[in-house]
Amino acid sequence: MNYEAVVIGVIAELLDLDESQLGPEVALAGVKGWDSVNALRVLVYLERETARPVDYQLFMAAETISDIAKAIKAPAVTS
């Protein structure tokens, strides 16, 4: 599964953006509508779309779309 493409698709859908505006190295801080509430929406949606738990710490530390894709690939840490 191409997680970068999934992340781009999810962000575009939830934030009502054109996928062509997004790419792996796009900084999340520069994405229109990206805030803490929408970040959590994206996290939940990604977990449903990929059927994988996403490591919360890695996800919240992500600065780019590629970083989010790496968080999906990483084994989720549970405590």
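Listing for the model above:
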{"item": "Interchain or long-range residues, amide H under 5 Å from THR64's placed H", "result": "LEU28"}
{"item": "Cα-based Rg of the stretch 27-76 normalised by 2.2 N^0.38 Å, two decimals", "result": "1.04"}
{"item": "For the stretch 3-78: accessible area per residue (Å², 1.4 Å)", "result": "57 Å²"}
{"item": "Percentage relative contact order, the stretch 1-48, counting C-alpha pairs under 8 Å, at least six apart", "result": "43 percent"}
{"item": "³J(HN,Hα) computed for each position of the stretch 57-72 - Karplus, 6.51 cos²θ - 1.76 cosθ + 1.60, integer Hz, glycine/proline x", "result": "5, 5, 4, 5, 7, 4, 10, 9, 4, 4, 5, 5, 4, 5, 5, 5"}
{"item": "Sum of -39500 (n - 2.57) over DSSP H runs of 4+, divided by residues of the chain (222 nm, nearest 500)", "result": "-16500 deg cm²/dmol"}
{"item": "Neighbour-limited loop hits for trypsin sites (Lys or Arg not before Pro), the chain (at most 16 other Cβ within 10 Å; DSSP other than H, G, I, E, B)", "result": "LYS32"}
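The values are calculated or read from the model by the stated rules, or taken from the named source; none is laboratory data. For clarity, every value in this text was computed on a predicted model and none was experimentally measured. Cβ sites come from the backbone with ideal geometry, for glycine too, and all protein chains shown count toward neighbours. All accessible areas refer to the heavy atoms of the entire protein, side chains included, with ligands and DNA or RNA removed. Shrake-Rupley method; radii C 1.70, N 1.55, O 1.52, S 1.80 Å.
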